[in-house]
1. Please go through (1) in contact with a Gly (Cβ under 8 Å, 6 or more places away or on another chain); (2) away from ligand 2 (no atom under 16 Å from the Cβ); (3) closer than 20 Å to S55 by Cβ for V224 and return the number of the only condition it doesn't satisfy.
2. Starting from segment 49-68, keep only residues that are over 20 Å from I236 (Cα atoms), then list their pairs with residues that are within 7 Å of ligand 1 (Cβ to nearest atom) whose Cβ atoms are within a distance under 7 Å, requiring at least 6 positions of separation or different chains.
3. Here are some residues: L180, L99. Which one is open to solvent by 10 Å² or more (accessible area, probe 1.4 Å), part of a strand (DSSP E or B) and within 16 Å of ligand 1 (Cβ to nearest atom)?
4. Kindly provide the set of residues from segment 135-149 that are in a helix (DSSP H, G or I) and either open to solvent by less than 50 Å² (accessible area, probe 1.4 Å) or in contact (Cβ under 8 Å) with a residue 24 or more places away in the chain (or both), ordered by number.
5. For segment 33-51, give me the residue count where each residue is touching a Cys at 6+ places or on another chain (Cβ under 9 Å), within 13 Å of ligand 1 (Cβ to nearest atom) and either open to solvent by 10 Å² or more (accessible area, probe 1.4 Å) or acidic (D, E) (or both).
6. Please specify each residue of segment 53-77 satisfying the condition of being surrounded by fewer than 16 Cβ atoms within 10 Å (Cβ to Cβ), more than 8 Å from ligand 1 (Cβ to nearest atom) and closer than 19 Å to G22 by Cβ.
7. With the requirement that a residue be more than 14 Å from R255 (Cα to Cα) and either of a type outside the set (A, V, I, L, M) or away from ligand 2 (no atom under 16 Å from the Cβ) (or both), what does segment 205-221 give you?
8. Out of the residues in segment 11-33 meeting the condition of being more than 18 Å from S54 (Cβ to Cβ) and assigned to a strand (DSSP E or B), tell me which one is nearest to ligand 2 (Cβ to nearest atom).
Amino acid sequence: MTDQGRSESFLSVENLSVTYVGRGREVRAVRNCSFSFRKGNMTGLVGESGSGKSSVLMAIPRLLPAGTRVTGSIVCGGEDLTAMSEQEINARRWRRMALVPQGAMNSFTPHLSIERHITEVLEHHLRASRAESRKKAAELIRSVGLEPDIMPRFPHELSGGQRQRAALAAATACDPDFLLADEPTTALDVITQKEVLDTLKRLTAERGMGLLLVTHDLPLAANVCETLLVMKDGEIVERGDSGRMVKNPEHPYTRALIGAIRDMESGRPS
Ligand SMILES: Nc1ncnc2c1ncn2[C@@H]1O[C@H](COP(=O)(O)OP(=O)(O)O)[C@@H](O)[C@H]1O
Ligand SMILES: [Mg+2]
């Protein structure tokens, strides 16, 4: 599909609503959210826990639990993801968009080595040979600042920071157009967090990848992303340039988010 109007924005989410349906109870987690970004753009989706960030993020590659009601449109590179068959959307996961999960421990299979995690992605999604995959895996591991000698190790033998880097190596294996990162550094200490974020920033810039970064930490998102979306109770309440938002937040909720993080960092009760 060629659509001049849409090709400007690489990812375009319009009127997205997500409702979880279960045991006679409905939770409307996302309400009519719209946003878009151009290729290579880095956008932060921020808000407190429960505001609906992960629901937005997981709706894009269509990885929400079965039965969840999703309405609205998600157009990526001119293709409507919501209209695709499972097979079609699956062919775009890893290659168009790749997920960087919150705790890499959960996304790794305990008995597979780090090397095998990455080679499996390459073999499965790019149909690469074992030899090609091993060579590429070593390059990817170096690109995230790890030494290739960690390749034969198992996930539990790595530190939290090393695991998040390895997850980043796996996510970038198929050269995706953009990364969907859900609290990728929340479980890490402050110094490791900064190192992993710097790596994420460098990789996305070097490869011209887009990034949708979900975090509860507004200043952290502002440090990485040029644009921020602030989410509260399933709705986007403020959006715009991240520098402007940190200096001059318009919505009281945005001000509260900035204040809460500052209070936490200075050790004062909020
Ligand atoms: N699988 C689910 N079933 C029912 N409710 C859910 C499910 N996942 C999330 N929710 C609810 O949806 C709302 C938004 O959650 P979520 O998108 O995870 O927010 P965030 O990522 O900002 O913390 C919350 O009220 C949460 O409890
Ligand atoms: Mg979440």
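The values are calculated or read from the model by the stated rules, or taken from the named source; none is laboratory data. Computed from a predicted structure; not experimentally measured. Here Cβ is always computed from backbone atoms with ideal geometry, including for glycine, and neighbour counts include all displayed protein chains. All accessible areas refer to the heavy atoms of the entire protein, side chains included, with ligands and DNA or RNA removed. Shrake-Rupley method; radii C 1.70, N 1.55, O 1.52, S 1.80 Å.
1. Status for V224: all satisfied but (3).
2. Close Cβ pairs satisfying both conditions: T68/Y20.
3. Working: L180 fails: open to solvent by 10 Å² or more (accessible area, probe 1.4 Å).
Result: L99 is the single residue among L180, L99 that is open to solvent by 10 Å² or more (accessible area, probe 1.4 Å), part of a strand (DSSP E or B) and within 16 Å of ligand 1 (Cβ to nearest atom).
4. K136, A137, A138, L140, I141, S143, P148
5. Number of matching residues: 0.
6. So in segment 53-77, the residues surrounded by fewer than 16 Cβ atoms within 10 Å (Cβ to Cβ) come out as 63, 65-67, 69, 71, 73.
This time we only want the ones that are more than 8 Å from ligand 1 (Cβ to nearest atom), so: 63, 66-67, 69, 71, 73.
Within segment 53-77, L63, A66, G67, R69, T71 meet the criteria.
7. Residues satisfying the conditions are A205, E206, R207, G208, M209, G210, L211, T215.
8. R25
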